[in-house]
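Read the structure below first, then the notes.
The values are calculated or read from the model by the stated rules, or taken from the named source; none is laboratory data. This one's a predicted model, so the numbers in the text were calculated from it and none came from an experiment. Please note: Cβ atoms are built from the backbone with ideal geometry, for glycine as well, and neighbour counts cover all protein chains shown. To get the accessible areas, we keep the full protein, side chains included, count just its heavy atoms, and leave off ligands, DNA and RNA. Shrake-Rupley method; radii C 1.70, N 1.55, O 1.52, S 1.80 Å.
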Amino acid sequence: MANQQIKTWFITGAARGLGFQVATSAAAAGDNIVVTGRNIETLRAAYSAYGDNVLLLELDVCRHDQVEACVKQAADHFGRIDVLVNNAGYGQLGIFEEIAAPKIEMQFNTNVFGLMAVTRAVLPYMRQQKAGHIINLSSIGGVAGFDGASVYCATKFAVEGFSESLALEVKQFGIGVTIVEPGFFRTDFLDPSSVSYGDTKLEDYQAYSEQVIGSYQSHNHQQAGDPVKFGQVIAKLTNEANPPLHFAAGSDAIELVGKAYQGRLKELIDWAHLSTTTDIE
Ligand SMILES: NC(=O)c1ccc[n+]([C@@H]2O[C@H](COP(=O)([O-])OP(=O)(O)OC[C@H]3O[C@@H](n4cnc5c(N)ncnc54)[C@H](OP(=O)(O)O)[C@@H]3O)[C@@H](O)[C@H]2O)c1
């Protein structure tokens with residue numbers, strides 16, 4: 001993508017948190033932003049200070065029937081979509097056996113199938129333009145497993161696999177993909193207004209579950225990552241001639257993602273003597 005041209009962004013879950021910061025950083029740089037969220041009134045309140053370069057659209061990414069029309073409205077309004085930020089998401093945390101199936105389905109509907117639906121709707125415009133940048137919000141939990149995060153991590157690993165493969169498919173159209181892996185950022189992510197925990201309580205897990213959930217709760221609004229700086233960094237990334245496929249955000253992410261890669265590589269090497277015995281002679 002050419003540097004410094006005015007870009008049009010389409011951002012999901014943009015009423016608060018990282019999505020809001022990405023949107024306002026892009027707007028501050030003079031870009032056009034299509035900010036979407038589940039509640040139009042909340043969006044109006046959040047963006048009341050912004051002008052004509054902002055289009056507010058109601059979009060629940062789980063409502064696949066809304067997605068296509070919403071994307072079309074955005075493209076009709078600004079003429080193109082240069083950057084898609086698949087940000088909408090939340091954490092279904094807690095112990096796997098304590099989380100009922102409908103909550104797991106809801107987590108995948110939002111973090112994975114919603115992201116795919118929006119991507120599917122935006123891609124025809126980017127293919128036609130022969131340009132575009134898709135930024136998918138993964139997590140450090142998309143690279144490594146964490147206590148009390150099996151379901152959330154499953155969705156973010158899915159985002160990673162989807163995005164890596166998608167990047168191969170759409171490169172031929174000049175479309176880039178960046179998977180963003182934030183560490184712990186001070187948003188509402190761990191706040192009761194966003195996070196969800198399991199409903200069932202199993203005695204075998206009681207102490208572990210209390211300790212894990214207690215730890216998440218104690219980090220609510222105490223995280224080290226600055227969402228404002230996150231927004232600025234994402235805006236910067238979109239001006240790069242060759243943006244990365246993976247981008248870890250935050251020094252905690254650098255440490256945790258690095259540790260995960262090193263651990264995996266060591267395990268691969270340690271067990272290679274056995275792994276290689278499965279080939280047909
Ligand atoms: N903060 C972190 O530490 C962290 C770390 C790694 C990854 N992430 C990822 O970053 C993304 C943003 O999280 P955040 O930290 O900004 O959390 P947040 O402050 O809780 O904001 C989440 C946003 O996603 C929206 N959302 C949730 N479900 C949606 C749906 N079905 N349709 C449309 N929008 C929906 C929320 O909308 P409402 O306002 O309507 O609820 C809200 O605007 C998520 O994908 C999250 O997994 C965050």
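Of note:
- Cβ-Cβ under 7 Å pairs, at least 6 apart or on other chains, the range 256-281 side among the β-branched types (V, I, T), far side in a helix (DSSP H, G or I): V257/I140
- Any hit, the range 153-164, residues being open to solvent by less than 10 Å² (accessible area, probe 1.4 Å) and assigned to a loop (DSSP other than H, G, I, E, B): no
- For the criterion of being under 17 Å from the mean Cα position of the chain (by Cα) and open to solvent by 40 Å² or more (accessible area, probe 1.4 Å), V257 fails.
- Selection from the range 181-207 of residues that are among the acidic types (D, E), near the ligand (Cβ under 10 Å from one of its atoms) and either open to solvent by 60 Å² or more (accessible area, probe 1.4 Å) or in contact (Cβ under 8 Å) with a residue 40 or more places away in the chain (or both): E181, D188
For (1) open to solvent by 10 Å² or more (accessible area, probe 1.4 Å); (2) touching a Pro at 6+ places or on another chain (Cβ under 6 Å); (3) within 11 Å of the ligand (Cβ to nearest atom); (4) modelled with pLDDT of 95 or more, each residue gets a yes or a no:
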| site | (1), (2), (3), (4) |
| --- | --- |
| A2 | yes, no, no, no |
| Q5 | yes, no, no, no |
| A14 | no, no, yes, yes |
| G17 | yes, no, yes, yes |
| Q21 | yes, yes, yes, yes |
| S25 | yes, no, no, yes |
| A28 | yes, no, no, yes |
| G37 | no, no, yes, yes |
| T42 | yes, no, yes, yes |
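- Boolean, I234 is assigned to a helix (DSSP H, G or I) and touching a residue at least 60 places away in the same chain (Cβ under 8 Å): yes
- Taking the criterion of being surrounded by fewer than 17 Cβ atoms within 10 Å (Cβ to Cβ), assigned to a helix (DSSP H, G or I) and in contact with a helix residue (DSSP H, G or I) (Cβ under 8 Å, 6 or more places away or on another chain), the only residue of the range 121-145 that qualifies is R127.
- D199 more than 18 Å from the chain's Cα centre (by Cα) and not aliphatic (A, V, I, L, M): yes
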